[in-house]
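Below is one structure, written out as structure tokens, with a few remarks after it.
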Amino acid sequence: MPSQQPSATDSNPASFPYGRVGTLLLDAGRVTESQIREALGETPDEDERSLVGEKLVQCGLLTQPELLKFLFDQLTKEREAYQKNPISEPVIRFRGLEKTLDGRKILDGVDLEIPLGKITAILGVSGGGKTVTLKHMIGLMKPEAGEVEVDGQVLGSLAPKELNKLRTRFSMLFQGGALFDSLNVADNVAFPLREKTKLKEDVIQRRVNTCLKQVNLGKMGFKFPDELSGGMMKRAALARAMVTNPEILLLDEPTAGLDPIIERSIHHLICDTYLRFRYTMVLISHSVPEIFRWSHHVVVLHQGKVLEAGPSIDIANSDNPVIRQFLTGSLEGPIKVI
Ligand SMILES: Nc1ncnc2c1ncn2[C@@H]1O[C@H](COP(=O)(O)OP(=O)(O)OP(=O)(O)O)[C@@H](O)[C@H]1O
Ligand SMILES: [Mg+2]
């Protein structure tokens with residue numbers, strides 16, 4: 001099979017006979033075409049191609065740390081390119097969003113753009129309205145003023161049926177993971193497919209197995225949530241969010257409550273997932289300053305407004321005192337702790 005040179009963000013998976021990650025590895029000269037063919041077999045389907053990195057590792061053609069470093073370096077290059085040329089059409093846009101909850105103005109005129117096909121991190125103090133912001137993106141909450149636009153469609157103007165259709169393009173990992181305790185991991189991951197699609201059971205099983213392998217839980221499908229560690233639960237929740245092949249993945253605190261090593265492994269997994277599928281990702285995170293290294297774009301929410309937004313490299317160097325305090329975690333500064 002000849003190596004093609006599609007743009008990394010090409011939305012058609014068929015453009016990548018070796019998977020997107022395989023193409024990146026090949027273009028960087030890290031593996032040869034015959035090595036990829038050895039790892040993938042003769043006629044890999046799309047799911048198998050998405051696992052090309054793991055298959056190269058299994059065949060001993062690459063080590064796991066080499067693969068992770070390669071993918072991280074790739075994201076770093078892309079973040080640097082995005083800083084130099086941050087032009088990307090927004091897929092989600094808020095215009096003057098206002099929301100009051102329990103008599104408190106949580107969103108007070110939020111103007112925000114989420115770039116298509118990039119990883120955006122939303123930062124802000126606890127209770128500052130990040131989850132509320134995410135819920136507005138999929139119409140789970142309605143603003144009292146302002147507009148949410150997804151791909152040019154104003155959510156407030158959509159009929160319930162149209163809104164439901166638009167929602168199928170999203171997946172959300174809720175803060176806390178929210179796995180169903182009564183279902184094992186495989187059934188948890190299968191749940192959105194059984195609920196929302198008419199796929200046959202054998203197709204569902206295959207898709208679930210692929211997603212579990214993608215999050216390194218290949219042999220854990222039979223376990224129940226209370227038998228998993230916190231990191232495994234996050235990975236299972238990520239698999240469930242990915243199983244429908246969404247275009248936009250919203251992740252609310254995917255690393256909260258994890259030790260630094262597991263946190264790092266989840267960030268690698270998010271990076272890996274992004275480079276395999278090129279979803280638009282929106283990530284709420286308290287992993288500061290770590291999260292700056294894993295996102296192209298950062299939006300800082302403060303006192304109901306967007307304080308700053310732009311390429312992660314620029315925001316990391318911002319001299320805004322609120323952002324500096326956030327980055328350093330200092331108790332002194334404009335953010336009052338108690
Ligand atoms: N459904 C709701 N009803 C009433 N108040 C709500 C509701 N959802 C959120 N709030 C309030 O809105 C504020 C913002 O909540 P939100 O969950 O968006 O914070 P957050 O920035 O995600 O915080 P954290 O980092 O702790 O998750 C909080 O004061 C919260 O109590
Ligand atoms: Mg929250």
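Where a number appears in this text, it was derived from the coordinates with a stated rule and is not lab data. As the structure is a prediction and not an experimental result, all values here were calculated from the model. Positions of Cβ are backbone-derived with ideal geometry, glycine not excepted, and every protein chain shown enters the neighbour counts.
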Review point. Highest GNM mean-square fluctuation, the chain, Cα pairs closer than 10 Å: which of 310, 103, 152?
Key: 103
Revision key, fill the gap. A correct fewest-to-most ranking of 301, 26, 250 by other Cβ atoms within 10 Å would be 26, 301, 250
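What's the magnitude of the charge dipole for the chain around its Cα centre, counting Lys and Arg as +1 and Asp and Glu as -1 at the beta-carbon? Answer in Debye, nearest 20. Don't jump to the answer; show the numbers that get you there.
Working: 41 positive and 43 negative charges, 84 e Å.
In total the dipole reaches around 400 debye.
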Check your understanding: What order do you get for 252, 102 when you list them from fewest to most C-beta neighbours inside 10 Å?
Key -> 102, 252
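Can you sort 248, 261, 335, 36 so the residue with the fewest Cβ neighbours within 10 Å comes first?
Exposure proxy ranking, most exposed first: 261, 335, 248, 36.
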Check your understanding: What is the Cα coordinate range of the range 1-150 on the first, second and third principal axes, sorted by size from largest, in whole angstrom?
Key -> 63, 31, 27
Check your understanding: What distance in nm separates the simple spin-label points at residue 332 and residue 89, each placed 7 Å from Cα in the Cβ direction?
Key -> 4.9 nm
